[in-house]
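Enquirer: My questions will all concern the structure given below.
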Amino acid sequence: MAVETISKTPEVSLPISSDSITLRISRFNPKNDLSPIFAEFKVPIQKWTTVLEAILFVKQNLDHSVAVRYSCRQASCGSCGMRINGKPALACYTKISELNSNIVTVEPMHNFPIIRDLAVDFKQMFANHKKMKPYIIREDSEIASDTKEFLQTPEEVEKYLQFSYCIKCGLCNSACPTMATDESFIGPQGLAQAYRYVADNRDDGKKERLKIIDQSHGIWRCHFAGSCSHVCPKGVDPAMAIQLLRGYLLGFRK
Amino acid sequence: MRESIIMKIHYGTALGAVALVTIHILFRMTQNFSESLQYQNVIANYHLLPYALMLEVVLILLSVHGFNGLRVILLELKQGIVYEKLINYGSIGAMAALIAYGSRTILMAGMGMS
């Protein structure tokens, strides 16, 4: 990445704050630029300021052209995933005070095509997610008039519950070393979702899903680096899901 | 072939190779290292039929495991239908060629040809 930087400081009077940091934002438009450059901004911060708030401060006061995707600001929508000081994280869930650095660098996530600046293209990840058939597959329905809801014991729910917390932010795919070289790899997000439904005792689509993931760019390309689980903001453990799915394919689990 | 079957073979050949290479190393330890590499001693291994068969099995296990490992690495490096077909069939071809060449060596040494 080029080291050329553009520095901007606020010209207008800003909220009083004793602290400020330098926010370095990667700027890149694939349509016009050959390589990304960093734009530097002085941003006032409070103890509770998040990286997303700092970026939005820049957009509001210094440079409105910075491209960033965000929505809920509470780690529920999975929109604001990016690399913060080199590590994949949600901008809305990362407090600047926790980074212990006066310089905060934000870059787009690895392993995704860049749309512009910090916004990346999720098309492939959503396609892989869809490929996993992320819904309960079974003949009967709980909404038909003569049927009852499908009851589950707490133990049965526990088998898949953590995997249902996935918000599709893409941080796991961004951290995955296999995804860096193998663009056809399903990725930890898709594989964790496959396990979420395979482990659900209401579902009858296990065979279908195992067949989908059992291909040359499927589950076997995971090297168990574990970085996917390390970066997940919701505590999902895709690396474990992949190992458990392998158990089904190797015949250790039924 | 389904990838899970290929990977079962991959893991199986690794385990088998570790077991048989251990036996091979233990046999080498029955004499000094330099002695075990002497021409007559090496040839004697091939004249002993069970040992020659074990070496043949080691050759097959390591070729299958090694070339499949290489195939997997190459598939992760680059993608594309033509490239992947080339890698898959190339690996099988290279595997067969190495096994054929190694078997020829074992057979010739076993029969006293040099």
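Values in this text are rule-based calculations from the coordinates and carry no lab data. Since the model is a prediction, treat every value here as computed from it, not as a measurement. Neighbour counts are summed over all protein chains in view; Cβ atoms, including those assigned to glycine, are modelled from backbone coordinates with ideal geometry.
Enquirer: Relative to the Cα centre, what is the charge dipole magnitude of the protein assembly as shown, using +1 at the beta carbon of each Lys and Arg, -1 at the beta carbon of each Asp and Glu, and rounding to the nearest 20 debye?
Expert: About 260 debye.
Enquirer: Kindly flag which residue pairs out of A:K123/B:K8; A:K206/B:K8; A:K130/A:K234; A:K207/B:K78; A:K206/B:K78; A:K87/A:K254 have an alpha-carbon separation exceeding 26 Å in this structure.
Expert: Over 26 Å apart, Cα to Cα: A:K123/B:K8; A:K207/B:K78; A:K206/B:K78; A:K87/A:K254.
Enquirer: What helices does chain B hold that run 20 Å or longer along their axis, going by alpha-carbon atoms, with a Kyte-Doolittle average of -1.0 or more, using DSSP H for the helix calls?
Expert: Helices meeting the criterion: B:3-28, B:49-77, B:81-110.
Enquirer: Which of A:M240, A:M132, A:M109 moves most in a GNM of chain A, Cα contacts under 10 Å?
Expert: In the Gaussian network model the winner is A:M240.
Enquirer: Explain nothing, just compute: Karplus ³J(HN,Hα) = 6.51 cos²θ - 1.76 cosθ + 1.60, θ = phi - 60°, for every residue of region A:198-215 in order, whole Hz, x for Gly and Pro.
Expert: Per-residue couplings from phi come out as 5, 7, 7, 6, 7, 8, 10, x, 4, 4, 4, 5, 5, 5, 5, 7, 8, 9 Hz.
Enquirer: Further question: Determine the sum of side-chain charges near A:Y93: Lys and Arg each +1, Asp and Glu each -1, restricted to other residues whose C-beta is under 13 angstrom from that of A:Y93.
Expert: +2
Enquirer: Work out, in µm²/s and without decimals, the Stokes-Einstein translational diffusion coefficient of region A:139-185 at 25 °C, 0.890 mPa s, Rh from Kirkwood over C-alpha pairs.
Expert: For these conditions, the coefficient is 171 µm²/s.
Enquirer: I'd like the isolated cysteines in the protein assembly as shown, meaning no second cysteine's beta-carbon lies under 4.7 angstrom from theirs.
Expert: When partners are defined as cysteine Cβ atoms under 4.7 Å apart, the protein assembly as shown leaves A:C80, A:C92, A:C166, A:C169, A:C176, A:C222, A:C232 without one.
Enquirer: Which residue, chosen from B:S36, A:Q74, B:L26, occupies the Cα position most advanced towards the positive end of the dipole of the protein assembly as shown, where the dipole is computed from +1 (Lys, Arg) and -1 (Asp, Glu) charges on Cβ about the Cα centre?
Expert: Going by the charge dipole, the pick is B:S36.
Enquirer: On to the next question. With springs connecting C-alpha atoms under 10 Å apart, model chain A as a Gaussian network and identify which of A:D121, A:D63, A:D33 has the largest mean-square fluctuation.
Expert: Largest GNM mean-square fluctuation: A:D33.
Enquirer: Cross-link partners among aspartates and glutamates for A:K47, C-alpha distance below 14 Å, same-chain residues fewer than 8 apart left out?
Expert: A:D19, A:E98
Enquirer: Within region B:71-114, which trypsin sites (Lys or Arg not before Pro) sit in a loop by DSSP and count at most 13 neighbouring Cβ atoms inside 10 Å?
Expert: Here the trypsin sites (Lys or Arg not before Pro) that fit, given the DSSP loop and packing criteria, are B:K78.
Enquirer: Another question, if that's okay. Could you list the square roots of 5 times each eigenvalue of the Cα gyration tensor of the protein assembly as shown, that is, the equivalent ellipsoid semi-axes, sorted largest first and rounded to whole Å?
Expert: Sorted largest first and rounded, they come to 52, 30, 18 Å.
Enquirer: While we're here: With +1 on each Lys and Arg Cβ and -1 on each Asp and Glu Cβ, and nothing else charged, work out how big the dipole of region A:61-125 is about its Cα centre, in Debye to the nearest 20.
Expert: It comes to approximately 160 debye.
Enquirer: A further question on this structure: Taking the Cα atoms of region A:123-250 alone, what are Rg (to one decimal) and Dmax (as a whole number) in Å?
Expert: Calculated on Cα positions, Rg and Dmax stand at 14.8, 51 Å.
Enquirer: Which of the listed residues, B:L86, B:L15, B:V57, is farthest toward the dipole's positive end in region B:2-114, when Lys, Arg count +1 and Asp, Glu count -1 at the beta-carbon?
Expert: The residue sitting farthest along the positive end of the dipole is B:L86.
Enquirer: Looking at region A:102-170, which trypsin sites (Lys or Arg not before Pro) are DSSP coil and have at most 15 other C-beta atoms within 10 Å of their C-beta?
Expert: For trypsin sites (Lys or Arg not before Pro) across region A:102-170 that sit outside H, G, I, E and B with at most 15 neighbouring Cβ atoms in 10 Å, the list reads A:R138, A:K148.
Enquirer: While we're looking at this one, here's another question. Taking the Cα centre as origin and putting +1 on Lys and Arg beta-carbons and -1 on Asp and Glu beta-carbons, what dipole magnitude results for chain B, to the nearest 20 debye?
Expert: The calculation lands at about 200 debye.
Enquirer: How many angstrom lie between the C-alpha centres of region A:192-247 and region A:64-81?
Expert: Rounded to whole Å, the Cα centres lie 26 Å apart.
Enquirer: How big is region A:91-185 by Rg and Dmax over its Cα atoms, in Å?
Expert: Cα radius of gyration and Dmax of region A:91-185 are 19.3, 63 Å respectively.
Enquirer: Pick out, from A:T181, A:N201, A:I213, the residue whose Cα sits farthest towards the positive end of the charge dipole of region A:123-250, with +1 on the Cβ of Lys and Arg and -1 on the Cβ of Asp and Glu.
Expert: So the residue we want is A:T181.
Enquirer: Just to check I understand the Karplus step: with θ = phi - 60° and J = 6.51 cos²θ - 1.76 cosθ + 1.60, what whole-Hz values come out for region A:107-124, glycine and proline as x?
Expert: 9, x, 5, 5, 6, 10, x, 7, 7, 6, 6, 9, 8, 10, 8, 8, 3, 5
Enquirer: Name the residues whose placed amide hydrogens come within less than 5 Å of the amide hydrogen of A:M109, ignoring near sequence neighbours (fewer than 5 apart) on the same chain.
Expert: A:R83
Enquirer: Given that compact globular proteins tend to follow 2.2 N^0.38 Å, what is the ratio of the alpha-carbon Rg of chain B to that value?
Expert: Chain B yields a ratio of 1.27.
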